[in-house]
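Structure, as structure tokens:
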Amino acid sequence: MERTQIIDSFAAAARDPLSYAKQWKARTGRPVIGSFPMNFPGELAHAAGALPMILQESDDPITVGHGLLFPFYCGYTRSMVDQAVRGDFDVLDAIMFGDHCVQLLGAADAIRMQLTNTRVIFFQLISSMCDPWTQGRSEESFAKLRAELEDFAGAKVQDEAMHASIRLFNKNRGLIRRLYDMRKKGIAPLGSVEMQHVVKSSMVMDKAEHTELLEKLVRIYDSAAPLPARNVRLHLSGHFCQAPKPELLEMIEQCGVTVVGDDLYHGFRYISTDVPEQGDPIAGLARWYMDRNTGVPCPTRVQNNVDWDAYLLNAMRDEKAEGMIVLMAKFCEPHMYYYPEVKEAFEKADMPHLLIETEHDGMALESLKTRVETFVEIVKHRQAA
Amino acid sequence: MNIAVKSPFEEKKANKLQSTRIAGKLVNDYWEMVWRAKEEGKLVCWYEGSAINPFLEAADICWVHGEAYSAMLAARHQEGTAQRVAEERGYMRELCSYARTHLGCAVSNQRLRGDNAGATPDEDDLTWKLPPPDMIISAYAYCSTGQQWDEMTSRVFGKKIPIFNVSLPWIWGSKPDAGYLRGQEWEETSTYVERQLFDMVKFIEERTGKPYPWDRLYSMMADIRRASELRLEAMELCTAQPAPASFFDWVVSIAPINNLPVAGVKDYFETVLTEVKQRVKDGEGAVPDEKYRLFFDGIMNWNKVGWLANKFAKWDAAVVAGRYTHMAFWQEPSLIDPNAPVRGMAQNYLICPNNHAAPILIDLIMGLCRKFKVDGMVIHASRTCRAFTNPQFMIADTAHKQLGIPTSMFEGDVTDESFYKDELLNSRVEAMLEAIEHRRMVHAA
């Protein structure tokens, strides 16, 4: 199978996850469980025999959803509600929520009120990450979620099944991390849109099918030699629940940029951390939940002993990135809270960065392009100086 | 942006409760006490959200409630500097304006007194005046903003201040036994929060270096329980027609029940209750000519308390109850056992006006609308307080369907005046009142 065919398969699922889910359901006769980003483990739903699918922002304009959420909410939450009201989520047999963001909670309420025939499962994950009880409380949350899924599926979710799911998900994450490493070294010249297809499709596709394709893709690059790079090396940061628009990523790369690393949720953040494969699987998932916030700190959590800004600077040193573009989804409160910390740390470290606020509906790409081009020139100028 | 201009209907004004003037004095005294705290050698704790202040007051720690400070600045129209300082540091305008204002105070405080001190403070500028914290306690129901705001405050102060997080889960209420103050989820969540509060007390003991004075807390909670009962009794009397007090009087009375020193609170609400009883006896209303009775959904627009009170009075509209005032602030005194108050305190923290999912929340609101016999509902869509705006379309829809009453939405904000749209409020509320009038004519015919 050619590289292009593999990427095209990923892109198809990433562009239209709900159609993929319908086909999967028709093929397997098994249930589909949608989950909200960014912290609920798909492994649990997978072990219950379902297709876990992280629900994605739609490209469609918000229409009827305006009747349930105000326009001053992030595009992701508005799009979720809009898709629910339009009936797009009919393919879902259940939806899992469990996060803390106040806008997501609003969406959870609105969706439950709309989808009266869909099981909406909620159990709130602790978002304070370094308390003595964080591990224990996380275990309680995942144990309750397991019990809800068992009730939903009408069968026990056995430890063996969970271990098998954990192994499969770890393998998938590990392969994508290899691609990230290859990209960083110039061996795998994957554009940021292609990398998004790889990660986003992993969020929605059957994990075994996705892993099989990933293995083929990784094999293609295994023996490749590093390509010479002439572009400015940049890190992309931010954008939590929703994927950045491909046209925005393409525009950035057209400005003479090679993206060498990211901490996007539809990127490295999603695959950064593995679940322990030994021991109690629920304790393992709780460990994973905590580890990933020390691995790639997230501003949606609070953890006084880790710093996202310090992580970013370290990651960029490792990636040999010369600057960073911050992609902030408009109205994303956690990002707005943390951004001044990043800004100050980058100014102090004399590391250039550019903030771009993104919107669900159209963005003025031409004017953004001017800003990115100017930023690239600044970075080049600094390198030359 | 619409600029609020002088009202052309000056002749009718809200007939405010005289006793609420005492609240103004109590509030001023409290902030004076806060500003003196360091001179008096007191430990200072910053917190937002839940009323954990009795825990602190009992331990002789000066408590500084973030929203209360932002609200006070806005009510005095002195919020601008803090908001500008916050914006300069990179906090964006769409962030919770309570937090933005308070973080502006923290940044300003750090610049003037902290590691990089050097600037000269302006004595008249309240932005910098808060004493810096010796500890931070985060205990915020429902809204993720609270926890992140506290974390950012800690970071503004260089992470040198010990911080303690109490996690207050949202009550989702999906099980068959779920409901207001009942069901397995309610009990389990209460236990979880109660456990954390006991750990919080250990944190306080570590800061003070003294055993926690439980007896003082018990005594204070007995007073708070009584004050809450008095407040609720006075509110209940506003089912009378005309209503003797309005939502705006209860807004002014939030600080006494929520964050002022406990010693004066019982007396305050006794005075309020006495005045309300007298008004009922005299048939005296909160607006000069009560023609319409409205429910107010949403948080307060702190720059506009008096302005809005007078505006509704001129429309002969008594705003008789609201989600913000009537569903929070030691709302369930019977849960507080003065001899073992911690569980009841935990439960009251879980009853913030947003911390139950929409089905339970909306039922409670509809119950209030029925009890107070409202003709319509005015909904304040506060731009930066998504905690309050989350269920508002569903509330409006249910009010139409269940009660058959009209609703009217307007945009504003908690402490950022620039989001307030006066003309929208005028035209929409006037249209709603016309609709109420029309319905009355149809029913009379």
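The values are calculated or read from the model by the stated rules, or taken from the named source; none is laboratory data. All values derive from a computational prediction rather than experimental measurement. No Cβ is skipped: glycine too gets one built from the backbone with ideal geometry, and neighbour counts run over all protein chains shown.
Taken over segment A:15-37, the residue count meeting the criterion of being part of a loop (DSSP other than H, G, I, E, B) and surrounded by fewer than 18 Cβ atoms within 10 Å (Cβ to Cβ) is 3.
To keep it simple, each residue is scored yes or no on (1) among the hydroxyl-bearing types (S, T, Y); (2) closer than 14 Å to A:L249 by Cα; (3) at pLDDT 95 or above; (4) surrounded by 14 or more Cβ atoms within 10 Å (Cβ to Cβ).
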site: A:D318; (1), (2), (3), (4): no, no, yes, no
site: A:P334; (1), (2), (3), (4): no, no, yes, yes
site: A:L368; (1), (2), (3), (4): no, yes, yes, yes
site: A:V376; (1), (2), (3), (4): no, no, yes, yes
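Out of A:I325, A:I356, one residue alone is crowded, with 22+ Cβ neighbours inside 10 Å and either among the polar types (S, T, N, Q) or in contact (Cβ under 8 Å) with a residue 40 or more places away in the chain (or both). It is A:I325. Based on this model, can you work out whether A:P340 counts as within 14 Å of another protein chain (Cβ to nearest Cβ), over 20 Å from the mean Cα position of the chain (by Cα) and closer than 18 Å to B:R93 by Cα? Yes; evaluated as a whole, the condition is true for this residue. The residues of segment B:279-304 that are over 30 Å from B:T398 (Cα atoms) and either without any contact (Cβ under 8 Å) to a residue 12 or more places away in the chain or in contact with a Pro (Cβ under 6 Å, 6 or more places away or on another chain) (or both), listed by number, are B:R279, B:V280, B:K281, B:D282. Set side by side, the residues B:G298, B:G322, B:G306 differ, and just one is surrounded by fewer than 22 Cβ atoms within 10 Å (Cβ to Cβ) and within 23 Å of B:T20 (Cβ to Cβ), which is B:G306. In segment B:328-339, the qualifying residues are those that are surrounded by fewer than 20 Cβ atoms within 10 Å (Cβ to Cβ), touching a residue at least 40 places away in the same chain (Cβ under 8 Å) and not in a helix (DSSP H, G or I), and the one that is nearest to the chain's Cα centre (by Cα) is B:Q331. Here A:K330 does not qualify as in contact with an Asp or Glu (Cβ under 9 Å, 6 or more places away or on another chain) and without any contact (Cβ under 8 Å) to a residue 24 or more places away in the chain.
Residue by residue, here is whether (1) in contact with a helix residue (DSSP H, G or I) (Cβ under 8 Å, 6 or more places away or on another chain); (2) closer than 27 Å to B:G80 by Cα; (3) more than 10 Å from chain A (Cβ to nearest Cβ); (4) among the aliphatic types (A, V, I, L, M) holds:
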{"site": "B:L126", "(1), (2), (3), (4)": "yes, yes, yes, yes"}
{"site": "B:L130", "(1), (2), (3), (4)": "yes, yes, yes, yes"}
{"site": "B:D134", "(1), (2), (3), (4)": "yes, yes, yes, no"}
{"site": "B:I161", "(1), (2), (3), (4)": "yes, yes, no, yes"}
{"site": "B:F164", "(1), (2), (3), (4)": "yes, no, no, no"}
{"site": "B:I171", "(1), (2), (3), (4)": "yes, no, no, yes"}
{"site": "B:E188", "(1), (2), (3), (4)": "no, no, no, no"}
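Regarding segment A:275-294, can at least one residue be identified that is outside any helix (DSSP H, G or I), small (G, A, S) and closer than 30 Å to A:A229 by Cβ? Taking every residue of segment A:275-294 in turn, none turns out to be outside any helix (DSSP H, G or I), small (G, A, S) and closer than 30 Å to A:A229 by Cβ. The helices (runs of 4 or more DSSP H) found wholly in segment A:110-217 and carrying at least 1 residues that are without any contact (Cβ under 8 Å) to a residue 24 or more places away in the chain and more than 14 Å from chain B (Cβ to nearest Cβ) occupy A:159-185. I'm trying to understand the selection: among the residues of segment A:75-107, which are within 19 Å of the chain's Cα centre (by Cα) and among the small types (G, A, S)? A:G75, A:S79, A:G98, A:A107, listed by residue number. When residues in segment B:359-413 are screened for being hydrophobic (A, V, I, L, M, F, W, C), more than 12 Å from every other protein chain (Cβ to nearest Cβ) and either over 23 Å from B:D316 (Cα atoms) or part of a helix (DSSP H, G or I) (or both), 7 of them pass. Looking across A:M53, A:M80, one residue alone is surrounded by 23 or more Cβ atoms within 10 Å (Cβ to Cβ) and in contact (Cβ under 8 Å) with a residue 60 or more places away in the chain. It is A:M53. Look at A:M351 and say whether it is assigned to a helix (DSSP H, G or I) and more than 17 Å from B:G158 (Cα to Cα). No; evaluated as a whole, the condition is false for this residue. Restricting attention to segment B:189-204, the residues that are touching a residue at least 60 places away in the same chain (Cβ under 8 Å) and closer than 14 Å to B:M135 by Cβ total 4.
If you go through segment A:47-80 and keep only what is in a helix (DSSP H, G or I), within 14 Å of chain B (Cβ to nearest Cβ) and in contact with a His (Cβ under 7 Å, 6 or more places away or on another chain), you end up with A:G75, A:R78. Residues in segment B:72-85: is at least one hydrophobic (A, V, I, L, M, F, W, C), touching an Asp or Glu at 6+ places or on another chain (Cβ under 8 Å) and in a helix (DSSP H, G or I)? Yes. Here B:E205 does not fit the description of being at the interface with another protein chain (Cβ under 10 Å from one of its Cβ atoms), charged (D, E, K, R), over 22 Å from the mean Cα position of the chain (by Cα) and more than 24 Å from A:T300 (Cα to Cα).
Here B:I257 qualifies as crowded, with 20+ Cβ neighbours inside 10 Å and part of a helix (DSSP H, G or I).
As a summary of the residue check, A:T258 satisfies the conditions (1) over 17 Å from the mean Cα position of the chain (by Cα); (2) closer than 30 Å to A:S58 by Cβ; (3) in contact (Cβ under 8 Å) with a residue 40 or more places away in the chain except for the one numbered (3).
Among the residues making up segment A:99-109, those that are more than 7 Å from chain B (Cβ to nearest Cβ) and assigned to a helix (DSSP H, G or I) are A:L104, A:A107, A:A108.
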